[in-house]
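Read the structure below first, then the notes.
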Amino acid sequence: QAADSKREQFRRYLEKSGVLDTLTKVLVALYEEPEKPNSALDFLKHHLGASAPENPEIEALRLEVAEMKEKYDAVLEENKKLKAKV
């Protein structure tokens, strides 16, 4: 009896938070795929990750990484030129 009550509370929690709806949508999308992917788990991960709102901190870190890559490439080029002079 207590286990059923806890299970029902958990089900209501998942429903209220939108988890059940999101999972249902992703599973329906997988079902409707004309060619099933090799990895259903990867399909779910990709689609669940895509449906999550983007964290602004993640975007800021992506921009920082892009800037660092540019600086790194510039330093490599400068190093190459300096080695050529020596």
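The values are calculated or read from the model by the stated rules, or taken from the named source; none is laboratory data. Values in this document were obtained by computation on a predicted structure and should not be read as measured data. With ideal geometry, Cβ positions are generated from the backbone for all residues, glycine too; neighbour counts draw on all protein chains shown. Side chains included, ligands, DNA and RNA excluded: accessible areas come from the protein's heavy atoms. Shrake-Rupley method; radii C 1.70, N 1.55, O 1.52, S 1.80 Å.
Here the chain has 59 percent of its accessible surface on carbon and sulfur atoms, given a 1.4 Å probe and all protein chains in place.
Relative to the longest principal axis of the Cα atoms of the chain, the long axis of helix 40-51 makes an angle of roughly 80 degrees.
Karplus-based coupling profile of the range 22-31, in residue order and whole Hz: 5, 4, 4, 4, 5, 5, 5, 4, 5, 4, with θ = phi - 60° in 6.51 cos²θ - 1.76 cosθ + 1.60 and x standing for Gly or Pro. Dipole size of the chain about its Cα centre, with +1 on Lys/Arg Cβ and -1 on Asp/Glu Cβ: approximately 320 debye, rounded to the nearest 20.
Other residues with beta-carbon under 14 Å from the beta-carbon of N79 carry, at +1 per Lys or Arg and -1 per Asp or Glu, a net charge of +2. Pairs of lysines 8 or more apart, or on different chains, with alpha carbons under 27 Å: count those in the chain, would you? Within the chain, the lysine pair count is 15. The phi torsions of the range 59-69, fed into the Karplus equation with coefficients 6.51, -1.76 and 1.60 and a -60° offset, translate into couplings of 5, 4, 5, 4, 5, 4, 4, 4, 5, 5, 5 Hz, rounded to whole numbers, with Gly and Pro shown as x.
Rolling a 1.4 Å probe over the protein heavy atoms gives the chain an accessible area of 94 Å² per residue. Helices in the chain, meaning DSSP H runs of at least 4 residues, each add -39500 (n - 2.57). Divided by all residues, the mean residue ellipticity at 222 nm is -28500 deg cm²/dmol.
Tell me, rounded to the nearest percent, the portion of alpha carbon pairs in the chain spaced more than 19 Å apart.
In whole percent, the long-distance tail amounts to 67.
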